Structures are given as C-alpha cells and as structure tokens.
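Structure, as structure tokens:
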Amino acid sequence: MLETPDELAALQTLLDESMASAGPHLREIIDDDRRLSALEVVEELQGMKLLVLATVSAEGRPLVGPVDGYFLHGSFYFSSGTRSVRMGHLSRRPWVSASHLPGEHLAITVHGRAATFSLSDPEHGELRRAMLEHYLPIAGSSFEEWLDDTDALGARIEADKMFTFALNR
C-alpha cells in the first residue's frame, strides 16, 4: 500500500462527495452497507487489476477496451502504445470512465480525465515498478527489455467521481 494518510483522506472525500451527488437510482442500489471505504478500496486494488476503460472518439462515441490497471497513491494508472487508438483519443479528448468489475460482487468505477506521461518519467516510476512486479514473474526478464524498448505512454486518471459497490461484506 503506497497511499499516505492524506491520500487516503482525499480518496475518502472523493468517494463521499461522489455518492452525495449520485442520482436517486444509484443511491437506492448502493446504500452505505454496500460502499467501500477508502482503505477498503486500496486493499482491494493491490497489484494489477483489469479495467474496462472508455475513451471518446472524434464523433463523440464511447470506445471501450481492457487495460492493465494499477491503483497507486489513490489513483488508477494504465499504459498503452503511443500509436494506439486509445492514446489518440486521450491526446485530444482526455475524458475517461473506467470500471474494475471482477464479478457481480464488486464494482469500482471512476470518471475523470487521463493525464498522460512517458513511462520513462522518473516522477511516475511507481507505475513502471508495479508493472515489473506483476509481469517479471510471469514473462521473465524479457518483459523488462520489452518495456524499455516499447513505444508506450502511461496515464493517470484524475478522478472527478468514484463509486464502489460490494455485496456480502
């Protein structure tokens, strides 16, 4: 867990303010017993978690696809190739929505803007470390070599809203 007490407090504020502004239907489904606290979110999101990420096309259409998500310092991070359709969308229209939905028992959804950066940027080195921690045991040292040679960008979702849903806690 990388989150500082201030980052946990900011995450809790985001969660609380998001629910306070939710519509009546969502509030009926996600009552207080079905919400996760900031600490529970952080505990749930350790390691790589698949996200379904939506970007916006030039025509205003949503485009959804999976990304490897990493929750670091209270924010979701992901990466993709610089020439990917996804990164093309984000360079012109940074709005995104993403959900981690491992099953009907849990959903964590975020809405906001994606801020992109170079994967070699030392300021964002924790994304690289998280990627290596996950993939080195799976793919071996060839993953690190690939990561060094790849033409990719990282992105941090700067959340405006975040909602959680958990059954049977």
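Every number in this text was worked out from the coordinates using simple rules, so none of it is lab data. Note that the structure is predicted; figures quoted are calculated from it, not measured. Here the Cβ positions follow ideal geometry from the backbone for every residue, glycine too, while neighbour counts run over all protein chains shown.
Just to be sure I understand: with springs between alpha-carbon atoms less than 10 Å apart, which residue in PRO102, PRO94, PRO24 has the highest mean-square fluctuation in the Gaussian network model of the chain?
Sorting by GNM fluctuation, first place goes to PRO24.
Between ALA20, ALA155, ALA38, find the one with the highest GNM mean-square fluctuation for the chain; connect C-alpha pairs within less than 10 Å.
Its mean-square fluctuation being the largest, the pick is ALA20.
I'd like the Karplus ³J(HN,Hα) series for the stretch 61-70: coefficients 6.51, -1.76, 1.60, θ = phi - 60°, whole numbers in Hz, and an x wherever there's a Gly or Pro.
8, x, 10, 10, x, x, 9, 6, x, 10
Given R₀ = 22 Å, what would the calculated FRET efficiency be for HIS25 paired with ASN168, taking r from the Cβ atoms and rounding to 0.05?
The calculated FRET efficiency here is 0.55.
Taking the chain as a Gaussian network, where each spring joins two C-alpha atoms under 10 Å apart, which residue of LEU26, LEU127, LEU106 fluctuates the most?
LEU26
With axes computed from alpha carbons, what is the tilt in degrees of helix 125-139 against the longest principal axis of the chain, rounded to the nearest 10 within 0 to 90?
Taking Cα atoms only, the helix is inclined about 80 degrees.
From the backbone phi of the stretch 150-167, what are the Karplus-calculated ³J(HN,Hα) couplings (6.51 cos²θ - 1.76 cosθ + 1.60, θ = phi - 60°) in whole Hz, Gly and Pro given as x?
Rounded to whole hertz, the list is 6, 9, 10, 10, x, 8, 10, 7, 8, 6, 9, 9, 8, 10, 10, 9, 9, 9.
Just report the Cα centroid separation between the stretch 12-32 and the stretch 110-169, whole Å.
27 Å
Show me 42-54, 66-78 ranked by packing, highest mean number of other Cβ atoms within 10 Å first.
Highest mean packing first, the order is 66-78, 42-54.
Pull out a ≥ b ≥ c, the square roots of the eigenvalues of the alpha-carbon gyration tensor of the stretch 37-152, then state rounded if a/c is under 1.5, prolate if not and a/b is larger than b/c, and oblate in the remaining case.
oblate
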